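Heads up: the structure comes next, in structure tokens.
Here, each number is a calculation from the coordinates, and none is a lab measurement. Keep in mind that this is a model prediction, so the values were computed, not measured. Here the Cβ is made from the backbone with ideal geometry for all residues, glycine too, and neighbour counts use every protein chain on show.
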Amino acid sequence: MKIRALMFMIAAALAVSASGCSSNSTYIRGTRVDDTTENRTIIGVVERYRLAVERKDAPALMKMAAKSYWEDGGTPTGADDYGYDGLREVLVGRFQRADDIRYSMKYVKVRRQGQRAYVEVVIDASYTVTTSQGEQRMDQRDQNQLILEWDGEHWMFVSGM
């Protein structure tokens, strides 16, 4: 009898803990982002961006960028800041030097404020570049905030690409 009671208690505890784990259905799978239609749509746009980076598809990336795109390089002089036209040059320049791009993202948070969406990600990327010493595999891990704006029809990137 004691063994059956103990087995019942273990089974009940496992059932409760298993149901507790499945309650995470409020998050998009593999993230800590609330599972809403809007968040799924926004992450879908960012995923198309991520895949275009892996394909080195600068024209597709430019179609995802708003004409008001602006990148602040973070330096006080502003010499490394650029807008929509500068983005094209940056993308083409980087893609000419890189091969075998692997670009993955962990979605940390999606926040809406008015017509803008702020997507916090952790990027894990690797790529091959040819240097004077030959081919080298480079690895990068970084946190980034992608800012998208709703233009009435589409989510467009205004910063962070």
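Observations
- Cα-centre dipole for region 41-139 with unit charges at Cβ (Lys and Arg positive, Asp and Glu negative), debye to 20: 500
- Near the amide H of residue 108, within less than 5 Å, lie the amide hydrogens of 120, 121, 122, all on another chain or at least 5 residues away, with H placed in the peptide plane.
- Anisotropy class of region 85-161 from Cα gyration tensor, a/c 1.5 cut: oblate
- The HN-Hα couplings worked out from phi for region 50-64 by the Karplus form 6.51 cos²θ - 1.76 cosθ + 1.60 (θ = phi - 60°) are 4, 5, 5, 5, 4, 7, 6, 9, 4, x, 5, 5, 5, 5, 8 Hz, whole numbers, x standing for Gly and Pro.
- Summed side-chain charge close to residue 115 - residues other than residue 115 whose Cβ falls under 14 Å, Lys, Arg +1, Asp, Glu -1: -1
- At 1.567 mPa s and 4 °C, Stokes D of region 26-159 from Kirkwood alpha-carbon radius, µm² per second: 81
- Amide proton proximity set for residue 81, modelled H, under 5 Å, gap of 5+: 73
- For residue 151, the residues whose amide H sits under 5 Å from its own are 156, ignoring neighbours fewer than 5 places away on the same chain, with H placed 1.01 Å from N.
- Region 99-150: GluC sites (Glu not before Pro) in DSSP loop, at most 10 other beta carbons within 10 Å: none
- Of all DSSP bridge pairs formed entirely within region 26-159, close to 95 percent run antiparallel.
- Computed from backbone phi with θ = phi - 60° and the Karplus coefficients 6.51, -1.76 and 1.60, the 3J(HN,Hα) list for region 155-161 is 8, 10, 6, 10, 5, x, 5 Hz; x is used for glycine and proline.
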